[in-house]
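Reading through the structure tokens given below for one structure.
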Amino acid sequence: MLHIDDLLHMLVESEASDLHLRVGEPPVMRVFGELKRVPNMPPMSDRDMYDLLYVMMNDDRKVRFEQNMELDMSYSVPGLARFRVNIFRQQGHIGAVMRVIPFQIKTIDELSLPAKVKELCLMPRGLILVTGPTGSGKSTSLASMVNHINLLRPKHIMTIEDPIEYLHKDNLATINQREIGVDTHSFAAALKHVMRQNPDIILVGEMRDLETISLAITAAETGHLVFGTLHTTDAPQTIDRIIDVFEPDAQQQVRMQLSTTLQAVLSQTLLPRADGIGRVAAFELMIATPAIRTLIRDGKTYQMSTDIQTGAMHGMQTLDSHLLRLALQRIVSFEDAQAKTSNPTEFEVRYRRGMERGSDASSEAN
């Protein structure tokens, strides 16, 4: 009988990122962004799914899944990798999606994150947001940033995750990792008590509701360095999303708080490489300069893109500029890059201009 570990070995050996399991279909893997059915595998039955998935769950997780009809958890195969697992019900059957989480945490340089990110990791306080759609690599970037701090700063880091993905070992820092549903009931519940745990740095796996967002901003206000994630695509949208969570009569106060606590917004997306070997991330980075802080306070987020475009001296870059650079360097295809831009027509004009100049990506993309 097939064991779930056998499928997960196949997943890693195929260099795939995700495994999809559904009754009536053979297992499906996401390889370099594209879904592919596992060859020579029969469709999964209800019995197959039960045997594959229930072996991953302890008694507590089985109860939680049967009560809630969905479950987030982590799973580890010794010597192979860790996996982020979501088990759910669909059309009366059990389904699951599993994401590979390597044991080895890549460095900021290995991920090609903007160089300014290293400086952000050394900030004493404030709010740093990593944003992007699901599956864009936010957790990987955050793990790299925590690892960078761990190597350089003797700080106490508290993480609140759903579930814990990358496991950190203490180096200079002391790191406590808490998992929703296992170590605490919710992000908000954990944040309410985090101040009594004497943290220097707090990582909030997902700022998904008003209470969590409010507590994270307050933690940044009180002298902590706070990292958080949102499912937004760029910095202006991120600011608007946070503000819109609050009641209208509280929004101006939140703008004031954000204008003083926010340090940066790093937005990212993943694209297939032009050579077909893996994927590459494209980044937008907004730094909270005095001009940006004024725009946040005055509710003029629509003007932020201009400041980001002209803020290279502060380490800023727009997503479109990074996409253009990747396309001109032929790391990604023009079509894939254009599909991720906010202004496809302008992107095409800049791309053709860059090609005419002999693909001098650095001058055209900045």
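Things worth noting here:
- Hits in region 152-173 - residues which are open to solvent by less than 50 Å² (accessible area, probe 1.4 Å), free of Cβ contacts under 8 Å to residues at least 60 places away in the same chain and among the acidic types (Asp, Glu): Glu161
- Filtering region 28-71 to residues that are closer than 30 Å to Arg273 by Cβ and surrounded by 12 or more Cβ atoms within 10 Å (Cβ to Cβ) leaves Val28, Met29, Arg30, Val31, Phe32, Gly33, Lys36, Arg37, Val38, Met41.
- Scanning region 77-96 for residues that are open to solvent by 40 Å² or more (accessible area, probe 1.4 Å) and closer than 17 Å to Ser17 by Cβ turns up Arg84, Asn86.
- Test: residue in region 307-328 that is modelled with pLDDT of 95 or more, exposed (fewer than 14 other Cβ atoms within 10 Å of the Cβ) and of a type in the set (Asp, Glu): no
- Pairing each residue of region 332-344 that is over 18 Å from Gly278 (Cβ atoms) and of a type outside the set (S, T, N, Q) with any residue that is open to solvent by less than 80 Å² (accessible area, probe 1.4 Å) and at pLDDT 95 or above, provided the two are 6+ apart or on different chains, yields C-beta distances under 7 Å for Phe334/Ala327; Phe334/Tyr351; Pro344/Gln338.
- Of the set (1) assigned to a helix (DSSP H, G or I); (2) among the aliphatic types (A, V, I, L, M); (3) at pLDDT 95 or above, all apply to Met195 but (3).
- Pair list, Cβ under 9 Å, 6 or more apart: region 17-30 residue free of Cβ contacts under 8 Å to residues at least 12 places away in the same chain, other residue β-branched (Val, Ile, Thr): Val28/Val38
- Failed item in (1) part of a strand (DSSP E or B); (2) open to solvent by 60 Å² or more (accessible area, probe 1.4 Å); (3) of a type outside the set (Phe, Trp, Tyr); (4) touching a Pro at 6+ places or on another chain (Cβ under 6 Å), with Asn176 passing the rest: (4)
- For region 51-66, filtered to residues that are hydrophobic (A, V, I, L, M, F, W, C) and touching a residue at least 40 places away in the same chain (Cβ under 8 Å), the residue that is farthest from Leu2 (Cα to Cα) is Met56.
- Scope region 114-138; condition free of Cβ contacts under 8 Å to residues at least 60 places away in the same chain and either open to solvent by less than 10 Å² (accessible area, probe 1.4 Å) or of a type in the set (Lys, Arg) (or both); matching residues: Lys118, Cys121
- Segments classed as helices (runs of 4 or more DSSP H), wholly inside region 223-328, with at least 1 members that are under 15 Å from Ser342 (Cα atoms) and among the acidic types (Asp, Glu): 319-328
- Enumeration of residues in region 253-270 that are of a type outside the set (Val, Ile, Thr) and either touching a Lys or Arg at 6+ places or on another chain (Cβ under 6 Å) or touching a residue at least 40 places away in the same chain (Cβ under 8 Å) (or both): Arg255, Met256, Gln257, Leu258, Ser259, Leu262, Gln263, Ala264, Leu266, Ser267, Gln268, Leu270
- Checking every residue in region 200-215 against the condition of being part of a helix (DSSP H, G or I), open to solvent by less than 10 Å² (accessible area, probe 1.4 Å) and within 26 Å of Gly135 (Cβ to Cβ) gives at least one match.
- Test: residue in region 353-366 that is modelled with pLDDT under 95, more than 23 Å from Ile287 (Cβ to Cβ), out of contact with any Asp or Glu (no Cβ under 8 Å at 6 or more places or on another chain) and part of a helix (DSSP H, G or I): yes
- Filter result for the condition that a residue is at negative phi and touching a His at 6+ places or on another chain (Cβ under 7 Å), over Ile175, Ile160, Ile128, Ile164: Ile175
- Residue that is farthest from His185 (Cα to Cα), among those in region 216-236 that are open to solvent by 10 Å² or more (accessible area, probe 1.4 Å) and without any contact (Cβ under 8 Å) to a residue 40 or more places away in the chain: Thr222
- Residue count for region 124-149 under the criterion of being basic (Lys, Arg) and in a helix (DSSP H, G or I): the result is 1.
- In region 252-266, the count of residues that are open to solvent by less than 60 Å² (accessible area, probe 1.4 Å), modelled with pLDDT of 95 or more and more than 28 Å from Ser321 (Cα to Cα) is one or more.
The values are calculated or read from the model by the stated rules, or taken from the named source; none is laboratory data. As the structure is a computational prediction, the values presented were derived from the model and not from experiment. So basically every Cβ, Gly included, is an ideal-geometry build from the backbone, and we count neighbours across all protein chains shown. Side chains are part of the model used for accessible areas, which takes the heavy atoms of the whole protein and leaves out ligands, DNA and RNA. Shrake-Rupley method; radii C 1.70, N 1.55, O 1.52, S 1.80 Å.
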